[in-house]
Amino acid sequence: MTSKISFIKLIVQDIRHRGWTAALSAIALFLMMPVYTMLYLSTFSGSMKPGFSDYDHLVRSFPGLLNGHSIQTLTVIIAALAVLMALSGFGYLHSKEKLDFYHSLPVKRTRWFASAYLSGLILFMIPYTVCAVLIVSAGASKGIMTANLAVQCMQSAFGGILSYIVIYTACVFASMLTGRTAIGLLLSLVVIVWPFIVLNLFSSLQLTFFKSYYDEAVPLSQQLADYLTPLGIFSALITQSGIGELSFGVSAAAVFTSALLFTAALLLNRIYPSEAAGNTVAFPAISPILKVLICIPAALFSGLMIQGLMGISDVNWICFISLLASVILCIFIDFIYHMDLKLLRKGWKSTLFSIGGVTVILCIFRFDLPGYDTWIPDIDRLKGMSFCPDSFTVYFSYPDSDPDSKLGYYVPEEDMELLYTLAQTGINHLENGITADDFYSYTEDIPDNCLPAVFRYRLSSGRTVLREYAVDYDKAEEVVKKLLESDEYRKQLFPVFHMEGKQISSISLSDIYGRYEELLLGKEQRIALLDAYEKDVMEVSADTLISGKPIGDLCVEIRYAGADSSSGVYSADISQASYEEAALVSTLYIYPEYSNTLELLEEFGFPLHREIDSSDVRSVTLTLSQETTDSGKYTEMLSALSGTAETSESGDITYITVTGEEDIDLVLDHTGGYAGGILDMNFNYMDYIDIQYKDGNFFSYSI
C-alpha cells in the first residue's frame, strides 16, 4: 500500500537530514556574495559619478558579482555546491542499509527522487536569492543602481541559478550510475567534462595532425560544446549573464539539457537495483561501455594536453603518449571496478577495444587516411575561389569586419584556373614536408622561395572549404600580377575603396622618419586627397606594389555613429560618434609613383621626406642576428664604418651603434626602406634598426 504522506513533508524531512549542507551553502554564499561585494565596493571612491572611469568599471563588473563572472571563486563554489547537493541528496542509494530502508517504505521511488532533487535545489536557491538581494541592496546604497543595472543583476542571478541546475542535474544523473559516493564524484566529473572534451577533440586533432588545416572562426564542434555539454553551458551561462547578454539559445540549451538529464536520472532511479549499493557501477552491463567511452577520448586528450604543456611538436610523441595513457586509464578503471589487482585481466576485451580505438583514431589522423591535406576539389565543382597570402594581413588594414578581408576576395572567374594551379604548388610543397607552420616555427629555417597563404574554395554545393599551404613565391607573384590587372579586384583588395568620405574624421601622414602628423585638412580636402590616392592605386603597376619601397603612408580615422553591433550597420553621421565607435585604417602606403597623391600633399603643404637627414639623428643602432652576420650581407658596410662605431654582442646577436653623420648615412643607405611590398612577409624579426632623433623621437623597424 502506498503512503499518502505529504510531498512537502518529504522535502522538509530531507532538508532536516541535510542541515549541514544548508549551513555550508548559506555560509559559503554569504561570504562570497554580499560580504565580498561590500569589500569590493569599499575599494572605490565614495564620490564616484557617471562618466568617471571607476564608476563605469564598477557598473560593468557589478552584475558579475552575483554569479561569479567578476569573481571566479564564486563560480567554483556554485559548481562545488551543485556536486555536493547531488551526492549528499542521493547518497542513500550508495548505502545498503539506507537503500533497503527507503525501498521498504510505502513511498514510490519517484516521490523519493523528486523530494531529494527539489530539496537540493531549495538548499541552494534560498540562500542564493537572499544573497543576491543583499548584493543589489549594497549597490543601491552605493548609488549605482539604475533600472537597467537592476535588470542586468536579475539576469545575472538567473544565469547563476540555471548554471547550478545544469551541474546539479548532471551529478544526480551520475549518482544513478554508481553504487558508491566516491565513485559518484568521479563519474560526476566525467558526465560534466566528457561531452565537452569529445566535441573539442575533433578540431584539436585536425589542428595538430593536418598541416593544411585552417579555420578563421570557432569550429562548429566547439560552438556546439557551448550548447550540448554541461560544462560548456555552465561556462556560457556565467559569461553571458554576467555581462547582461544572456542569449535565448544558451538558456534554452540549459533547460533542455537539465530536463534530459533529469528524465534519464528518473528512469534509472525507477530500475535502480537494491543490490547495487556498494558496487562501483550500478548496472554491470554498462561497465565495459563506460570504460571504452571514458578511455578513448581521455587518452587522446591527455596526449594533446601534454603536447601543449611541454611544447612537443613531433606528432609521433603525441601518439606514444596517447597510447600509454590509454593503457594506464584502462588499468586504473579496472582497478576501480574490482578493487583487486588480481582481477585486472577480467576486462581484457574492453581494454583491447579501448587501446584499439585510440590506435585507429591516431592512425587516421597521423597518416591522413582521409587525404585531408592533399584534397583539392575538382575545378569544375568550384563556384568561387580566393586566396590570402599572410603578407596581405601585414600590408592591408581594413575599416570593417568583412570576413573577405581576412580570407581574401574571390578572384575573377577567368583567373580561377591560375589560382587553382597555385594551390596545387602548395599541396606539392606539403607532400615534400614544407608547410605554412614552418614560417612561424623558431626551430625550423624559413622555407626559401615560399609564401604561406590561405585558400578558400566555394563549391557548387554551397559549402565553403578553407586550406592553408606554403605556395611557390614566384607563382604567387605571377598570380598577383594577373589579378591586379582587374579593376574590380583592385577595388576589392585595397582598403581605400572600403571607406566613405563622409565617415572620415582625420588623416595622418607618416614618412621615412616614422612619425605620424595629423593633416589639418577640411572635409573637401580629405575627400580630394583620398580620391587622388584611389586614382594612383588604380594606375600603379603590380611590379611597384610587389618590389617597390613605400616612401610614406596615410592613417585614416573613421568614426561611426549609431552603431548596431548586432547587425553591423553603421550610420554615416559622425557628429555624435564616440571614441569607441572609431576605427583606424593605417598603412595606406604611398610610393614614388603616386604622383597625384604626392602633388596634392605638396599643394596642401605636407611634403614627404624622401630620406632621413643625418643631422636630425643622434644615433642609429643596427641589430643583426648570427645568421645575418655569417652571411656577409653587411660586411662591406661594416668595414667602411669609422672608428667611432660601437659594436657589442649578446649571445648570437650583434649590436652596432653609430653616432657620426657619415656613419649614419652609410647605415641608412644600406638598410633600405621601412616597409616591404605586397608579398613581403617581413619574417626577419631578429634584424632591425633603431633610430634615435635629436628631438627625442624614436623609430624602429625590421630590415
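The values are calculated or read from the model by the stated rules, or taken from the named source; none is laboratory data. Worth saying up front: this structure is predicted, and the values here are computed from it rather than measured. Reconstructed Cβ throughout: ideal geometry from the backbone, glycine too, with neighbour counts over all protein chains shown.
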Check whether at least one residue in the range 314-327 is surrounded by fewer than 19 Cβ atoms within 10 Å (Cβ to Cβ), in a loop (DSSP other than H, G, I, E, B) and not acidic (Asp, Glu), and report yes or no. no
Of the residues that make up the range 667-679, is at least one under 30 Å from Asp474 (Cα atoms), among the aromatic types (Phe, Trp, Tyr) and not assigned by TED's automatic domain parsing to the domain that holds Phe392? yes
Are there any pairs with C-beta distances below 7 angstrom linking a residue in the range 534-546 that is more than 19 Å from Glu599 (Cβ to Cβ) to a residue that is in a helix (DSSP H, G or I), with the two at least 6 apart or on different chains, and if so which? Ala542/Val480; Ala542/Lys481; Ile546/Glu477; Ile546/Val480
Scanning the range 257-274 residue by residue, the ones that are free of Cβ contacts under 8 Å to residues at least 12 places away in the same chain and either over 26 Å from Ile233 (Cβ atoms) or outside any helix (DSSP H, G or I) (or both) total 2
Name the pairs whose Cβ atoms lie under 9 Å apart, with the first residue in the range 209-222 and outside the structural domain of Leu466 (by TED's automatic domain parsing) and surrounded by 13 or more Cβ atoms within 10 Å (Cβ to Cβ), the second assigned to a loop (DSSP other than H, G, I, E, B) and β-branched (Val, Ile, Thr), and 6 or more positions between them or separate chains? Lys211/Thr435; Ser212/Thr374; Ser212/Thr435
Among Thr129, Thr110, which is at pLDDT below 90, closer than 30 Å to Leu237 by Cα and assigned by TED's automatic domain parsing to the domain that holds Ala28? Thr110
Residues of the range 153-188 being over 18 Å from Tyr227 (Cα atoms) and of a type in the set (A, V, I, L, M), in sequence order, are Met154, Ala157, Val172, Ala174, Met176, Leu177, Ala182, Ile183, Leu185, Leu186, Leu187
Go through Ile271, Ile289, Ile294 for me and flag whichever is within 18 Å of Trp348 (Cα to Cα) and surrounded by fewer than 14 Cβ atoms within 10 Å (Cβ to Cβ). Ile289
Determine whether Ile558 is buried (at least 18 other Cβ atoms within 10 Å of the Cβ) and either touching a helix residue (DSSP H, G or I) at 6+ places or on another chain (Cβ under 7 Å) or at pLDDT 95 or above (or both). yes
In the range 223-242, which residue that is in contact with a helix residue (DSSP H, G or I) (Cβ under 7 Å, 6 or more places away or on another chain) and in contact (Cβ under 8 Å) with a residue 40 or more places away in the chain is surrounded by the fewest Cβ atoms within 10 Å (Cβ to Cβ)? Gln240
Quick one: Pro592 ticks every box in (1) outside any helix (DSSP H, G or I); (2) in contact (Cβ under 8 Å) with a residue 40 or more places away in the chain; (3) loosely packed, with under 15 Cβ neighbours inside 10 Å; (4) not assigned by TED's automatic domain parsing to the domain that holds Gly501 except a single one, so which number is it? (4)
Residue check, Gly384 over 20 Å from Asp487 (Cβ atoms) and modelled with pLDDT of 90 or more: no
Take the residues in the range 453-476 that are under 32 Å from the mean Cα position of the chain (by Cα) and assigned to a helix (DSSP H, G or I), then tell me which one is surrounded by the fewest Cβ atoms within 10 Å (Cβ to Cβ). Tyr473
Where in the range 596-682 are there strands (runs of 3 or more DSSP E), lying wholly inside it, with at least 3 residues that are surrounded by 16 or more Cβ atoms within 10 Å (Cβ to Cβ) and in contact (Cβ under 8 Å) with a residue 24 or more places away in the chain? 617-624, 653-658
Which numbered condition trips up Leu99, out of (1) buried (at least 19 other Cβ atoms within 10 Å of the Cβ); (2) closer than 30 Å to Arg18 by Cβ; (3) at pLDDT 90 or above; (4) not hydroxyl-bearing (Ser, Thr, Tyr)? (3)
Leu185 fails exactly one of the following numbered conditions: (1) at pLDDT 95 or above; (2) more than 22 Å from His69 (Cβ to Cβ). What is the number of that condition? (1)
Kindly evaluate Ile144 against the criterion of being buried (at least 22 other Cβ atoms within 10 Å of the Cβ) and more than 21 Å from Gly89 (Cβ to Cβ). no
Index of the failed condition, Thr280 passing every other in (1) more than 37 Å from the chain's Cα centre (by Cα); (2) part of a helix (DSSP H, G or I): (2)
Taking helices (runs of 4 or more DSSP H) that fall entirely within the range 173-250, which contain at least 3 residues that are in contact with a Phe, Trp or Tyr (Cβ under 8 Å, 6 or more places away or on another chain)? 181-209, 230-242
Does the range 27-34 contain at least one residue that is at pLDDT 90 or above, in a loop (DSSP other than H, G, I, E, B) and surrounded by 20 or more Cβ atoms within 10 Å (Cβ to Cβ)? no
With respect to Lys549, is the statement that it is surrounded by fewer than 18 Cβ atoms within 10 Å (Cβ to Cβ), at pLDDT 95 or above and either of a type outside the set (Ser, Thr, Tyr) or within 32 Å of the chain's Cα centre (by Cα) (or both) true? no
Out of the residues in the range 685-703 meeting the condition of being out of contact with any helix residue (DSSP H, G or I) (no Cβ under 8 Å at 6 or more places or on another chain) and not in a strand (DSSP E or B), tell me which one is surrounded by the fewest Cβ atoms within 10 Å (Cβ to Cβ). Gly696
For residues in the range 492-530 being of a type in the set (D, E, K, R) and either within 30 Å of Gln692 (Cα to Cα) or modelled with pLDDT of 95 or more (or both), which is surrounded by the most Cβ atoms within 10 Å (Cβ to Cβ)? Asp511
